[in-house]
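Structure record follows, encoded as structure tokens.
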Amino acid sequence: MIVSHKYKFIFIKTRKTAGTSIEYNLSKYLGKEDIITPSSEAYYLAKNFILETKISKFLKKLRLKNLSNYFRKKLIDHTHASELRKIIDRTIYNDYFKFCVEREPVDKCISYYYMRKNSPNSNLKRKNMTWDEFVNKKKFPVDIKFYSYENNLIVDKIIKYENLDKDLSSLLSNLGINNFKLTKKVNNNYREKNPFVTNEQKKIIYQQFEPSLKFVKYNINQI
């Protein structure tokens, strides 16, 4: 996740949508006070992700620095927009341009499956998991809670992963970052050849993603 005070935008990081690559390629444009949350793939990018609260600031004034540290808030890699607006100044959240990326559900699930299967942190059971087992568990990366609250969209734009290069460059140009390109891909080594996906499995996946399809349109008949 990124909060850029320099360019006045907030990037909400969803799963399996090139989020770490976006962070990496945007990092060189960001200001000293801007926030990047830590991720396991690119922890070295992280900065300013522990925020002061009213209580921690008050305790610091009383010279109770060690105690004040317990009341600071730590932003995590996939902080939901609804959580972020509770932590940062509400004026910042309301005024900054907020965006995220979404991906066609079946393609997103395939990417998520291989990430869980091939990650070095996966246990033996997960490494041996078949595609059919994954689908039957129905633990899909449905990220509607990342960018909505009580069925209302709380970001300004959702970019489709399939149009990422063009649409992200255009969006950032409007925010003052010109000629942006995703020149380096991060965390791109897990995926294998696409599994055979049955029509029934497509239906199962799209049923689970139905809430998010309210905000970003994908058609099961076009995949």
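Of PHE180, PHE140, TYR161, which is farthest on the positive side of the dipole of the range 131-195, counting Cα position, with +1 on Lys and Arg Cβ, -1 on Asp and Glu Cβ, and the Cα centre as origin?
Ranked along the dipole, the leading option is PHE180.
Where a ≥ b ≥ c are the square roots of the eigenvalues of the C-alpha gyration tensor, would you call the range 179-223 rounded, which needs a/c under 1.5, or, failing that, prolate if a/b is larger than b/c, or oblate? Could the numbers behind the result be given before it?
Details: a/c = 2.74, a/b = 1.44, b/c = 1.90.
Verdict is oblate for the range 179-223.
In a GNM of the chain with a 10 Å cut-off on Cα contacts, which of TYR114, TYR70, TYR147 has the highest mean-square fluctuation?
TYR70
At R0 = 41 Å, how high is the FRET efficiency between LYS193 and HIS5 if r is their beta carbon distance? Nearest 0.05 is fine.
Working: r = 43 Å, r/R0 = 1.05.
The computed FRET efficiency comes out at 0.40.
Calculate, for LYS185 and LEU51, the FRET efficiency according to 1/(1 + (r/R0)^6) with r their C-beta to C-beta distance and R0 35 Å; round to the nearest 0.05. Write out the running numbers ahead of the final one.
On the way: r = 30 Å, r/R0 = 0.84.
Efficiency computed from Cβ-Cβ geometry: 0.75.
State the Cα centre-to-centre distance between the range 1-48 and the range 77-104 in whole Å.
Here the two parts' Cα centres lie 12 Å apart.
Most mobile of ILE177, ILE205, ILE55 per a Gaussian network model of the chain (Cα springs, under 10 Å)?
Taking springs between Cα atoms under 10 Å, the residue moving most is ILE55.
By how many nm would the segment from MET129 to LYS145 grow when fully extended, if each residue of separation counts as 0.36 nm and the alpha-carbon distance is taken off? If you can, show how the numbers build up before the last one.
Numbers: separation 16, 0.36 × 16 = 5.76 nm, distance 2.65 nm.
So the chain would gain 3.1 nm between MET129 and LYS145.
Looking only at LEU67, LEU51, LEU172, which one moves most when the chain is put into a Gaussian network model with springs between Cα atoms under 10 Å?
LEU67
Starting from the Cα-Cα distance between ASN174 and LYS28, subtract it from 0.36 nm times their residue separation and give me the gain in nm to one decimal. If you can, show how the numbers build up before the last one.
Values: separation 146, 0.36 × 146 = 52.56 nm, distance 1.77 nm.
Separation in residues times 0.36 nm, less the Cα-Cα distance, equals 50.8 nm.
To the nearest 20 debye, what charge dipole does the chain have about its Cα centre, counting +1 at the Cβ of each Lys and Arg and -1 at the Cβ of each Asp and Glu?
Values: 44 positive and 23 negative charges, 178 e Å.
Here the size comes out at about 860 debye.
Identify which of the listed values of Cα extents along the principal axes in Å was calculated from the structure shown: (i) 83, 48, 33; (ii) 102, 48, 32; (iii) 62, 41, 35.
Of the labelled values, this structure produces (iii).
Treat the count of other C-beta atoms within 10 Å as a stand-in for reagent exposure and order CYS109, CYS100 from fewest to most.
On the way: CYS109 27, CYS100 23.
The fewest-first ordering by Cβ neighbours comes to CYS100, CYS109.
All of the numbers you see were taken from the coordinates with simple rules; none came from a lab. The structure presented is a predicted model; accordingly, all values stated were derived computationally and were not measured. FYI the Cβ positions are ideal-geometry reconstructions off the backbone, even for glycines, and counts take in every protein chain you see.
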